[in-house]
1. Could we say that Lys35 is touching a residue at least 24 places away in the same chain (Cβ under 8 Å), on the phi < 0 side of the Ramachandran plot and within 14 Å of the chain's Cα centre (by Cα) here?
2. Would you check which residues across segment 57-82 are open to solvent by less than 50 Å² (accessible area, probe 1.4 Å) and either among the small types (Gly, Ala, Ser) or under 17 Å from His22 (Cβ atoms) (or both) and list them?
3. Of these, Lys47, Lys19, Lys71, Lys58, which one is part of a loop (DSSP other than H, G, I, E, B) and of a type in the set (D, E, K, R)?
4. Glu26: under 24 Å from Ser93 (Cβ atoms) and open to solvent by 30 Å² or more (accessible area, probe 1.4 Å), yes or no?
5. Taking the conditions exactly as written (at pLDDT 95 or above and out of contact with any helix residue (DSSP H, G or I) (no Cβ under 6 Å at 6 or more places or on another chain)), does Lys4 satisfy them or not?
6. Name every residue in segment 10-23 that is β-branched (Val, Ile, Thr), surrounded by 12 or more Cβ atoms within 10 Å (Cβ to Cβ) and more than 17 Å from Ala53 (Cα to Cα), in order of residue number.
7. Looking at (1) in a helix (DSSP H, G or I); (2) touching an Asp or Glu at 6+ places or on another chain (Cβ under 9 Å); (3) open to solvent by 30 Å² or more (accessible area, probe 1.4 Å), which one does Thr52 not meet, given that it meets all the others?
8. Given the residues Val46, Val54, which is the only one that is more than 15 Å from Lys19 (Cα to Cα) and of a type in the set (A, V, I, L, M, F, W, C)?
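The values are calculated or read from the model by the stated rules, or taken from the named source; none is laboratory data. These figures come from a predicted structure and were not determined experimentally. Positions of Cβ are generated from backbone atoms using ideal geometry, with glycine treated the same way; all protein chains shown enter the neighbour counts. Side chains are part of the model used for accessible areas, which takes the heavy atoms of the whole protein and leaves out ligands, DNA and RNA. Shrake-Rupley method; radii C 1.70, N 1.55, O 1.52, S 1.80 Å.
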Amino acid sequence: LNRKKGHAHQSADTNIEVKQVHDAAEQGDPEAQYKLALMYLEGDRVKKNEKTAVHWLKKAADQEHMEAMKKLSWCYLNGRGVKQSLYESVLLSQKISGAGEQIDMNKYGLLVRK
């Protein structure tokens, strides 16, 4: 019985946490948008949905959230939640590098050789 109670309590806490992150994301918080995107991308405490993940990554990336831009570039590179697009992936990486981040051009090599 205790295990079930503990599990139900943990589940309720998880739901509250997901709702808090979702509410903050809806209000335009780029860090919350990024966290929510990762939850949907991995199926962490929510049902996995890569298209929803990309939606939130785009919102955060539009606000120059570096990690969101990197993950969105990865999504385009791998066709996760969006149609695969080397162009979009490179474009995002160029934006990131313009902000002082390094681009790993090796990750594009595989697609270019296809």
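1. Numbers: touching a residue at least 24 places away in the same chain (Cβ under 8 Å): no; on the phi < 0 side of the Ramachandran plot: yes; within 14 Å of the chain's Cα centre (by Cα): yes.
No; evaluated as a whole, the condition is false for this residue.
2. Across segment 57-82, the qualifying residues are Leu57, Ala60, Ala61, His65, Ala68, Ser73, Gly79, Gly81.
3. Details: Lys19 fails: part of a loop (DSSP other than H, G, I, E, B); Lys71 fails: part of a loop (DSSP other than H, G, I, E, B); Lys58 fails: part of a loop (DSSP other than H, G, I, E, B).
Only one candidate qualifies: Lys47.
4. Values: under 24 Å from Ser93 (Cβ atoms): no; open to solvent by 30 Å² or more (accessible area, probe 1.4 Å): yes.
Considered against the rule, which asks whether it is under 24 Å from Ser93 (Cβ atoms) and open to solvent by 30 Å² or more (accessible area, probe 1.4 Å), Glu26 comes out as no.
5. Details: at pLDDT 95 or above: no; out of contact with any helix residue (DSSP H, G or I) (no Cβ under 6 Å at 6 or more places or on another chain): yes.
So Lys4 fails the test.
6. From segment 10-23, those β-branched (Val, Ile, Thr) are 14, 16, 18, 21; that's our starting set.
Keeping just the survivors that are surrounded by 12 or more Cβ atoms within 10 Å (Cβ to Cβ) gives 14, 18, 21.
Result: Thr14, single match.
7. Only one criterion in (1) in a helix (DSSP H, G or I); (2) touching an Asp or Glu at 6+ places or on another chain (Cβ under 9 Å); (3) open to solvent by 30 Å² or more (accessible area, probe 1.4 Å) is unmet by Thr52, namely (2).
8. Working: Val46 fails: more than 15 Å from Lys19 (Cα to Cα).
Answer to the check: Val54.
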